[in-house]
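Laboratory data are not the source of any read-out in this text; all were calculated from the coordinates shown. Computed from a predicted model, the values in this text were never measured in an experiment. Glycine gets a Cβ as well: all are built from the backbone with ideal geometry, and neighbour counts include every protein chain shown.
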Ligand SMILES: [Zn+2]
Ligand SMILES: [Zn+2]
């Protein structure tokens with residue numbers, strides 16, 4: 001195991017960076033149409049952290065944009081190369097989550113295993129694994145909320 005959970009991410013053009021001070025506590029795959037277009041991929045493999053464990057440099061080049069679904073999710077992409085770096089979502093007053101795409105981590109970084117697939121109804125192809133798959137907007141939202149409050153508050157060693 002690497003000794004430090006701290007990690008800095010750079011986008012492909014190097015103009016945007018962010019840091020994390022804790023290991024992500026959960027990971028899921030999202031098949032929603034917004035992820036498909038933002039990531040130009042059939043689905044997005046995403047890690048979950050508390051927003052307090054993510055730091056943005058004072059002068060960053062990350063542009064935040066809100067999409068209609070999921071509500072209040074603010075997605076940050078590099079203003080120069082367009083790489084999705086981080087998303088923030090308020091799950092309760094004063095409680096914000098951060099979503100960081102798995103592809104942003106270096107290969108050596110130890111990530112949690114994928115817990116589930118959500119927005120599976122808008123998948124572009126079937127996935128043949130044994131993980132739970134949630135279809136429908138409300139079911140997907142509920143599954144994600146359970147993951148946040150289950151994994152996010154259990155054994156919060158880094159909190
Ligand atoms: Zn999505
Ligand atoms: Zn960039």
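What the table shows:
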| read-out | value |
| --- | --- |
| FRET efficiency, 1/(1 + (r/R0)^6) with R0 25 Å, evaluated for residue 126 and residue 154 via beta carbons | 0.20 |
| For the chain: relative contact order, % (alpha-carbon pairs under 8 angstrom, 6 or more apart) | 25 |
| Likely footprinting exposure, 16, 135, 37, 22, fewest C-beta neighbours within 10 Å first | 37, 135, 22, 16 |
| Cα gyration tensor category, rounded, prolate or oblate, for the stretch 1-95 with a/c compared to 1.5 | rounded |
| Förster radius 25 Å - calculated FRET efficiency between residue 33 and residue 145, Cβ distance, rounded to 0.05 | 0.80 |
| When the convex hull of its Cα atoms is projected in every direction, mean area for the chain (nm²) | 9.5 |
| Stretchable slack from residue 110 to residue 10, in nm (0.36 nm times residue separation minus alpha-carbon distance) | 34.2 nm |
| Over the stretch 76-152 - Rg/Rh using Cα atoms and the Kirkwood inverse-distance radius | 0.98 |
| Compactness index (Cα Rg / 2.2 N^0.38 Å), the stretch 40-111 | 1.11 |
| The stretch 73-104-the stretch 36-61 distance, computed between alpha-carbon centres (Å) | 4 |
